[in-house]
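Throughout, read-outs are computed from the coordinates displayed, never taken from laboratory work. Since the structure is predicted, the reported quantities are computational estimates derived from the model, not experimental observations. With ideal geometry, Cβ positions are generated from the backbone for all residues, glycine too; neighbour counts draw on all protein chains shown.
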Amino acid sequence: MRLLSIPILFFSAFILLSQSPSKVRIIHSDLNLGRMVNNQQIRILKGSVHVVRDTVHMFCDSAFYFENDDKLVLLGKVYLDNGHRKLRALKITYYQESDLFESEGKVRVTGPDDSLYAHRLLYYQKKKESIATDSVYILSKKDNVVITGEKAFFSDEKNYFRVENNARFLQVDSAKKDSFRVFAETLEYFGDTLQFALASDSVIILQGNLKARADSTWYYREKEIAWLKGNPIVWLEKSELQGMKIKATFDSTKINHLDVYENAQAKTLNDTIPNEYNILTGKSIEFFITKSKPDLIIARNNASSIYYLNEEGDKGSNYSTSDSIYVFFREGKPDSIEIIGGAQGTYYPDSYKGEKKFGN
């Protein structure tokens, strides 16, 4: 999975105007005049305005330059182009003293492989930081990724970005017609050293028939692994896994292996006995996935199982403890169980009417 593999590519879009502080050259305008307002000289350009600042071409319906404030305001279908990326907005204001660019109204930044949409975009040139607000939408065509939220923060120097307030991540595998979705309050990407992503606060992960929930999820791009922490639970088909923490291993966009640690438990709904679950516990549990279906579950260290049988001549429940317990699946359904090392168990036939003791 290439989760958040589009880290700071948007910065080259946000610094469309971040050149040396040279003067703006007027290429064309239908009207060009100057006025004094409140003891301040204002240059007014109107009608098919085209101005250039260094290599950045700016087009708009009208432009106002306030000489005392050293402020430039572009209005009406503003369009900026530096040859690599384009910026569109209804209004752009540049404050020379603070080196701040403010874009407002239907802001759209586009490049060959990526786009950003927002209602407002601030770029602080000295800090090389940007803030996008109000219905932020980020698209990477290269990675088939869409990220949305109410606010986004970008730092070029720190190689970091954060999307918060109802953050969403969507990656589509068009070849396999599958999608990977993450819902959280905050999504962050740290690109300097380990290159990892963090989803925090009420995290939900969806992929096909797999669903996961946790307080936070850490994803390491190079290793293609994710850690689910804080009351993590994973559901796949009719199985449920939970423990203190869960490690998910990816192959491209697919989760193919889960490791559950500390107070690990796997529950699988029994198809033949209503409302009964086969339960597997251990210090750790491995969960193997093939073609998006459970394939094998292994419980290790102080493993125990409650397994319900409903076969001809062999109906009942079996409780076992052992060093390791293997549960094999066929087409996503429990097929057989193998108990290895120091096995102990109790079998309760279906006709048993006494108290059944499972565990302590």
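Each of ILE289, ILE92 was scored by other Cβ atoms within 10 Å of its Cβ. Listed from fewest to most, they are ILE289, ILE92.
Taking 22 Å as R0, compute the FRET efficiency from the Cβ-Cβ separation of VAL52 and LEU100 and round it to 0.05. The value I calculate is 0.60. 3J(HN,Hα) along region 230-240: x, 6, x, 9, 10, 10, 9, 6, 10, 10, 10 Hz, from the Karplus curve 6.51 cos²θ - 1.76 cosθ + 1.60 with θ = phi - 60°, whole Hz, x for Gly and Pro.
Please identify every one of the GluC sites (Glu not before Pro) in region 199-281 that sits in a loop by DSSP and has no more than 13 other beta carbons within 10 Å of its own beta carbon. Intermediate values should be presented prior to the final figure.
Details: sites: GLU222, GLU224, GLU237, GLU240, GLU262, GLU276; in loops: GLU222, GLU224, GLU237, GLU276.
Answer by residue number: GLU222.
Annotation for ASN32 and THR290: the two label points, set 7 Å from Cα along the Cα-Cβ direction, are 7.5 nm apart. Using the beta-carbon distance between ARG43 and ASN159 and R0 = 41 Å, what value does 1/(1 + (r/R0)^6) give for FRET efficiency, to the nearest 0.05? Between ARG43 and ASN159 the formula returns 0.60. With neighbours defined as other Cβ atoms within 10 Å of a residue's Cβ, the residues LEU122, LEU33 order from fewest to most as LEU33, LEU122.
Indicate the gyration tensor shape class of region 23-161 (rounded, prolate or oblate), computed on the Cα atoms with a ≥ b ≥ c the square roots of the eigenvalues: a/c under 1.5 is rounded; otherwise a/b larger than b/c is prolate and the rest oblate. It would help to have the intermediate numbers written out before the result.
Working: a/c = 2.23, a/b = 1.77, b/c = 1.26.
Prolate, because a/c is 1.5 or more and a/b exceeds b/c.
For the pairs LYS71/LYS106; LYS127/LYS151; LYS128/LYS158; LYS229/LYS283; LYS151/LYS223, note any where the Cα-Cα span goes beyond 20 Å. LYS71/LYS106; LYS151/LYS223, as the Cα separations exceed 20 Å there.
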